[in-house]
Structures are given as structure tokens and as C-alpha cells.
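Reviewing the structure listed below.
The values are calculated or read from the model by the stated rules, or taken from the named source; none is laboratory data. Only a predicted model underlies this, so the values are computations on that prediction, with no experimental measurement involved. Here the Cβ positions follow ideal geometry from the backbone for every residue, glycine too, while neighbour counts run over all protein chains shown.
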Amino acid sequence: MAVARPRKEQPRTAERILDIAERLVQVRGFNNFSYADIATELGITKASLHYHYPGKAELGQALISRYSERFSEALEQIDRDLPDARAKLEAYANLYAEVLRGKRMCMCGILAAEYPTLPKPMRTAVIGFFDENQRWLADVLNAGKTDHTLRFTGSADDVAQGILSTLEGAMLVARPYGDLARFNAAAGQLLSGLTP
């Protein structure tokens with residue numbers, strides 16, 4: 001007869017699994033780690049991992065969900081704390097810089113590089129992450145254009161897509177150099193082009 005685990009242990013173990021898996025994805029990519037890597041680091045069996053996340057696809061979905069939720073919370077905090085569009089865009093770029101500073105990549109950016117090999121639910125979730133970011137950026141851009149703190153041509157959606165693509169790409173290019181200054185230069189150029 002199996003002994004039931006205390007309820008508090010389950011969430012803590014599940015969160016620790018996600019913490020390790022997130023770091024591994026951000027450093028190695030989704031396809032370059034296994035349940036064995038996580039089990040070894042946690043000092044548990046692979047069967048214990050399967051108890052929390054039956055397969056790697058479920059683990060991946062949980063990772064994207066948690067990452068997206070945290071990112072959304074960061075965007076909500078930016079909206080609450082910063083009054084103008086320019087400051088919001090600077091804070092947005094800083095979210096990426098902070099991840100890079102920790103010698104990691106945006107998790108959904110890494111997953112986008114592996115997109116064709118991901119299970120369909122993960123691919124859908126990655127697109128959802130980018131779509132949500134693009135919507136937020138478009139709202140900020142429209143507000144900045146209305147109050148004349150930002151200047152751009154074309155649609156806010158197109159400019160938002162450009163910002164998102166530039167920041168993700170700047171992370172990728174800065175990574176092999178281990179040089180945050182490369183990312184900051186690209187982000188700075190991008191933002192200065194939006195200032196009247």
C-alpha cells in the first residue's frame with residue numbers, strides 16, 4: 001500500500017522540478033536535457049518526476065504557463081509603476097537584459113528556436129506568449145503615439161513585432177559573446193528610434 005505524501009511536499013517538489021527544468025531550458029534548450037538530469041539534481045527517481053509531470057510535453061507546457069504568467073505579472077507591474085510609454089518600453093527591454101545578465105535566454109525565445117521539434121500544445125503556448133507580448137507592446141506604442149512621447153511610422157502591431165523580434169534576436173547575438181553591452185546597445189538604438 002502506498003503512503004500518501006503530505007500535501008505541502010507535492011507543490012514544493014513540483015516547483016523545484018520546474019525551477020530546474022526552466023534553468024536547463026534557458027541554458028541548454030528543451031531538447032538538450034532529460035528527466036534524468038532533473039532527477040539527478042533533485043536526488044529523486046525519474047518515477048517521482050513522472051508523478052508530477054507524466055511526460056516531457058506536460059513538463060514543457062507547465063514551464064511555458066508559469067513563465068508566461070510571471071512575464072504577464074512583470075508587465076502588469078510596469079503598467080502600474082511607470083507613467084509614460086518610453087519608460088515602459090525601457091523597463092520591458094530591461095526584463096530581457098536581466099535574463100541575459102543571469103546567463104540565460106528568454107525561455108520562449110529558446111523554445112521558438114526549437115519550435116518544429118516541440119509537441120503541438122507547447123508550440124501553441126509559445127505563440128501565445130509572443131502574441132501576448134506583442135499586444136502589450138502595441139498598447140504601449142499606441143498610448144505613446146497619442147500622448148506624443150513616442151514616434152513611429154506604420155501600425156503599432158508591426159512596430160511591436162519589430163521590438164519583440166529585435167530584443168529576442170539581440171539576446172541570441174549577445175549570448176555567444178557573453179557581453180550584455182551588445183544587447184544594451186541594440187535595445188538602446190531601438191528605443192532611441194521611437195523617441196520624438
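Here is how the numbers come out for the structure above:
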{"item": "Any hit, region 144-152, residues being among the hydroxyl-bearing types (Ser, Thr, Tyr), in contact (Cβ under 8 Å) with a residue 12 or more places away in the chain and either in contact with a strand residue (DSSP E or B) (Cβ under 8 Å, 6 or more places away or on another chain) or more than 23 Å from GLU69 (Cα to Cα) (or both)", "result": "yes"}
{"item": "Hey, ARG104 crowded, with 16+ Cβ neighbours inside 10 Å and in contact (Cβ under 8 Å) with a residue 60 or more places away in the chain or not", "result": "yes"}
{"item": "Single condition ARG175 does not satisfy, out of (1) in a loop (DSSP other than H, G, I, E, B); (2) modelled with pLDDT under 95", "result": "(1)"}
{"item": "Residue satisfying condition, being assigned to a loop (DSSP other than H, G, I, E, B) and of a type outside the set (S, T, N, Q), within set LEU164, LEU150", "result": "LEU150"}
{"item": "Scan of region 110-142 for residues that are hydrophobic (A, V, I, L, M, F, W, C), within 20 Å of ALA74 (Cβ to Cβ) and buried (at least 16 other Cβ atoms within 10 Å of the Cβ), ordered by number", "result": "ILE110, LEU111, ALA112, ALA125, VAL126, PHE129, PHE130, TRP136, LEU137, ALA138, VAL140, LEU141"}
{"item": "ARG101 being basic (Lys, Arg) and at pLDDT 95 or above", "result": "no"}
{"item": "All helices (runs of 4 or more DSSP H) inside region 8-95 with 2 or more residues being in contact with a Pro (Cβ under 7 Å, 6 or more places away or on another chain)", "result": "56-81"}
